[in-house]
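**Q** Structure in structure tokens, see below.
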Amino acid sequence: MARTRAAGHFTDLDGMRGVLAVTVMLFHLGLNALVARLTHGLVPIGLWTLCVDFFLILSGFVLYLSLHRRRPDLKRYFIKRLRRLAPMFWIGTLAMLLLLAFNAPLRVVIANALIVQSIFKGLVPRLNFTSLDHPGWSVPFELFLPAMALPLLPAMARTNRRAATGLVAVLLALAATFTFALALRHDIALGRAAFGLGLGAALARLWQLRPTGESRPALAVSLFALVFAIMAFAGRIPALAILFPLISIGCVYFGARTRTFLSTRPFQAIGRWSYSIYLLHVPILTLVGQTLGSVAGSAWLKLLVVVTTIGIAALMYRFVEEPLMGGPERPAETAP
């Protein structure tokens, strides 16, 4: 019978999360225009929003290992997840509400306050409310979908390697369907989130069953580079998005046992601060735009946004996230 592996602190995965969070920030600062200029138009527009799909797979992977170890009831689950997800989400949302001078419909404000604003995004327009802090659209799925899967934990824990492999294959096909739909400009958020989180969880079960093997740092880094290549070219060749979940699970699976440059101090710091970077860069970008002018044509203002976001994210991690998580060395069980 195959040995079951325990969860650990995956430093390379933390580094990957940090790099991708910064990529989302750079996307909102004009990454497409920069890449198009550097490649002389060869890569005119990238599908950088696929970063969130990687986050979801990674979150499902780490969260399953944590839930498998602790087996919380529903109350304990929500207490822990709200402590992890809600404070920074609410801070980013409140910041955007202030910057909008509270000029938002009451129903939108309430939906954001309850963290349910994007549950029906792409499915039921009448029940889809704008995320005041745009990147926060993924947070409701991070909160509620794993709760729905809690009753499945005992069954998942009993699956053997063959069953886990089959489940990964099915969820991989479904996740690829929704990343391809995204590349075709059909964003069905619930599908992306459900099958991304589910794929990560099934991958975690398969990873548990795999006997300890050789670390393959070159493979993990190469797959991570391929993730960026797919995002860069998927805007031009949408079919490439089908491969994104496959390459992503390869990154997570092999990256969970490696320590490359992604495990060095700078990347670990960005990884720790990634959730705040993800949620705070849009309010800071908006504030700079309102006070100093549009950042579109100014490299200095873009640099100001990046430096300010990273600085504030570091403070938020130290004084908000870390105390609520109970310590600095616990894996961030959330997408970014």
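Derivation of every value follows stated rules applied to the coordinates shown; laboratory data play no part. None of these values were measured; they are calculated from a predicted model. Every residue, glycine as well, gets a Cβ built from its backbone with ideal geometry; the counts of neighbours run over all protein chains shown.
**Q** Sorted by packing (mean other beta-carbon atoms within 10 Å per residue), highest first, where do 142-152, 69-79 land?
**A** Details: 142-152: 16.1, 69-79: 11.9.
Packing order, densest peptide first, comes out as 142-152, 69-79.
**Q** Based on the Cβ-Cβ distance from R158 to A229, what FRET efficiency comes out when R0 is 25 Å, to the nearest 0.05? Let's see the in-between values first.
**A** Working: r = 38 Å, r/R0 = 1.53.
Approximately 0.05, to the nearest 0.05.
**Q** How big is the Rg/Rh ratio for the chain, C-alpha atoms only, Rh by Kirkwood, two decimals?
**A** Numbers: Rg = 19.2 Å, Rh = 20.3 Å.
Radius of gyration relative to Kirkwood radius: 0.95.
**Q** Something else: Work out which helices of the chain, taken as complete DSSP H runs, extend at least 18 Å along their axis over the Cα atoms and score a mean Kyte-Doolittle of -0.5 or more, then list them. Can you show the working numbers first?
**A** On the way: long enough: 11-28 (26 Å, 0.86); 50-70 (30 Å, 1.31); 74-99 (35 Å, 0.69); 161-183 (32 Å, 1.56); 189-209 (30 Å, 1.02); 217-234 (25 Å, 2.39); 274-292 (25 Å, 1.16); 299-316 (25 Å, 2.08).
Helices passing the filter in the chain: 11-28, 50-70, 74-99, 161-183, 189-209, 217-234, 274-292, 299-316.
**Q** Multiplying the sequence separation of L184 and S298 by 0.36 nm and subtracting their Cα-Cα distance, what value in nm do you get? Before the final figure, lay out the partial values.
**A** Numbers: separation 114, 0.36 × 114 = 41.04 nm, distance 3.13 nm.
Length gained, L184 through S298: 37.9 nm.
**Q** Could you order the peptides 176-186, 160-170 from most to least packed, using the average number of other C-beta atoms within 10 Å per residue? Mind dumping the intermediate values first?
**A** Details: 176-186: 17.8, 160-170: 15.0.
Sorting 176-186, 160-170 by mean packing, highest first, produces 176-186, 160-170.
**Q** Rule-of-thumb check for the range 163-250: C-alpha Rg over 2.2 N^0.38 Å?
**A** Details: Rg = 13.7 Å, N = 88, 2.2 N^0.38 = 12.1 Å.
So the range 163-250 has a normalised radius of gyration of 1.14.
**Q** Using just the helices of the chain, give the 222 nm mean residue ellipticity in deg cm²/dmol: DSSP H runs with n ≥ 4 each add -39,500 (n - 2.57), and the total is spread over all residues, rounded to 500. Don't jump to the answer; show the numbers that get you there.
**A** On the way: 15 runs with 221 residues, N = 336.
Taken over the chain, the calculation gives -21500 deg cm²/dmol.
**Q** Suppose we take every Cα in the range 21-83 and form the convex hull; what volume per residue is that in Å³?
**A** Details: hull volume 6.1 nm³, N = 63.
Here the figure is 96 Å³ per residue.
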